[in-house]
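Single-structure report; data block below.
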Amino acid sequence: MAVAWHTSLSFNPPLYGIAVASKRFTYQFIIDSKEFAVNFLPFKASELIASIGGTGGQEIDKFQRFNIAKSKPVKTAVPILEAAYAAYECKLIASKDYGDHRWLVEEIVAVHLREKTFTTEGFVDLDKVNPALYLGNEYYLTATKNTIRRLDREAHGKC
Ligand SMILES: Cc1cc2nc3c(=O)[nH]c(=O)nc-3n(C[C@H](O)[C@H](O)[C@H](O)COP(=O)(O)O)c2cc1C
């Protein structure tokens with residue numbers, strides 16, 4: 001499934017959170033297996049994201065329908081997508097309902113980075129990959145070298 005509502009929660013231990021409606025087919029997989037992957041896809045895969053997020057796994061096998069290639073996980077049995085420039089393998093540690101979604105808290109147990117798409121500082125190299133970002137309402141955007149700014153928080157905090 002596609003998930004727009006997600007965020008980092010803690011450095012140590014490394015925790016991540018996602019909001020998943022319990023009616024999603026994927027939800028039951030996560031609850032039963034207590035593990036899943038978060039795959040970060042490039043802007044050029046926006047159509048794939050819309051396709052995955054626009055179809056139900058109950059009706060079709062999305063891996064087959066959309067020809068999605070997988071690579072091997074290392075600590076779990078979750079699908080790591082070939083198209084992803086980064087992916088987390090996660091284990092579910094807590095969950096709670098908030099309105100019509102359930103907030104799932106998971107520990108990141110393995111990280112996959114397509115090394116050549118990251119700078120030595122560990123930041124996405126925007127010359128090599130442009131991330132898919134979601135604005136809502138079916139609008140996708142990306143970031144390029146011209147559209148981002150790096151602002152030093154200590155220098156700015158002094159003024
Ligand atoms: C860009 C995008 C973002 C989405 N974000 C979420 C989300 O954060 N949480 C959620 O429960 N559903 C979200 N959805 C909807 C699910 O991805 C969609 O219902 C999907 O068909 C569920 O697949 P499944 O039934 O195979 O689990 C999103 C859909 C799109 C297209």
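Can you list the trypsin sites (Lys or Arg not before Pro) in the stretch 115-159 that are in a DSSP coil and have 11 or fewer other beta carbons within 10 angstrom? Please report the intermediate quantities before stating the final value.
Working: sites: Lys116, Lys128, Lys145, Arg149, Arg150, Arg153, Lys158; in loops: Lys128, Arg149, Arg150, Lys158.
Taking the stretch 115-159 and a limit of 11 other Cβ atoms within 10 Å, the loop trypsin sites (Lys or Arg not before Pro) found are Arg149, Arg150, Lys158.
Solvent exposure of the stretch 66-131, expressed per residue, is 61 Å² of accessible area, with all protein chains present and a 1.4 angstrom probe.
For the set Glu138, Glu107, the ranking by accessible area, highest first and with no ligand, DNA or RNA atoms included, is Glu138, Glu107 under a 1.4 Å probe. Taking the Cα centre of the stretch 74-153 as origin and assigning +1 to Lys and Arg Cβ atoms and -1 to Asp and Glu Cβ atoms, the resulting dipole is close to 200 debye. Neighbours of Ala37 by Cβ distance under 12 Å: Lys/Arg scored +1, Asp/Glu scored -1, total +1. With θ taken as phi - 60° and the Karplus curve 6.51 cos²θ - 1.76 cosθ + 1.60 applied, the whole-hertz 3J(HN,Hα) list for the stretch 116-131 is 5, 9, 10, 7, 5, 6, x, 9, 4, 7, 6, 7, 9, 9, 10, x Hz, x standing for glycine and proline.
Report the paramagnetic label zone for Lys75: residues of the stretch 5-43 whose backbone N is under 18 Å from a point 7 Å from Cα along the Cα-to-Cβ axis. Counting backbone N atoms under 18 Å from the label point, the list is 7-18, 33-40. The charge dipole of the chain, taken about its Cα centre with unit charges on the Cβ atoms of Lys, Arg (+1), Asp and Glu (-1) only, comes to about 160 debye. Each stretch of four or more DSSP H residues adds -39500 (n - 2.57); spread over every residue of the chain, this sum gives -4000 deg cm²/dmol at 222 nm.
With +1 on each Lys and Arg Cβ and -1 on each Asp and Glu Cβ, how big is the dipole of the stretch 48-106 about its Cα centre, in debye rounded to the nearest 20? Walk me through the numbers before you get to the answer.
Values: 8 positive and 7 negative charges, 41 e Å.
Dipole of the stretch 48-106, to the nearest 20 debye: 200 debye.
Residues whose amide H falls under 5 Å from that of Ile80, counting only those 5 or more places apart or on a different chain, are Ser71, with hydrogens built in the peptide plane.
Couplings for the stretch 17-26, taken from phi via the Karplus curve 6.51 cos²θ - 1.76 cosθ + 1.60 with θ = phi - 60°, read x, 9, 9, 10, 5, 5, 7, 5, 4, 4 Hz in order; Gly and Pro are left as x.
Can you pull the percent of the stretch 18-82's accessible area that's carbon plus sulfur, 1.4 Å probe, other chains left in place?
Details: 2100 of 4020 Å².
Of the solvent-accessible surface of the stretch 18-82, carbon and sulfur hold 52 percent.
Return the loop-located chymotrypsin sites (Phe, Trp or Tyr not before Pro) in the stretch 15-104 (DSSP other than H, G, I, E, B) with at most 15 other Cβ atoms within 10 Å of their own Cβ; answer none if there are none. Taking the stretch 15-104 and a limit of 15 other Cβ atoms within 10 Å, the loop chymotrypsin sites (Phe, Trp or Tyr not before Pro) found are Phe66.
The values are calculated or read from the model by the stated rules, or taken from the named source; none is laboratory data. These figures come from a predicted structure and were not determined experimentally. Neighbour counts run over all protein chains shown; Cβ positions are idealised from the backbone, glycine included. Side chains included, ligands, DNA and RNA excluded: accessible areas come from the protein's heavy atoms. Shrake-Rupley method; radii C 1.70, N 1.55, O 1.52, S 1.80 Å.
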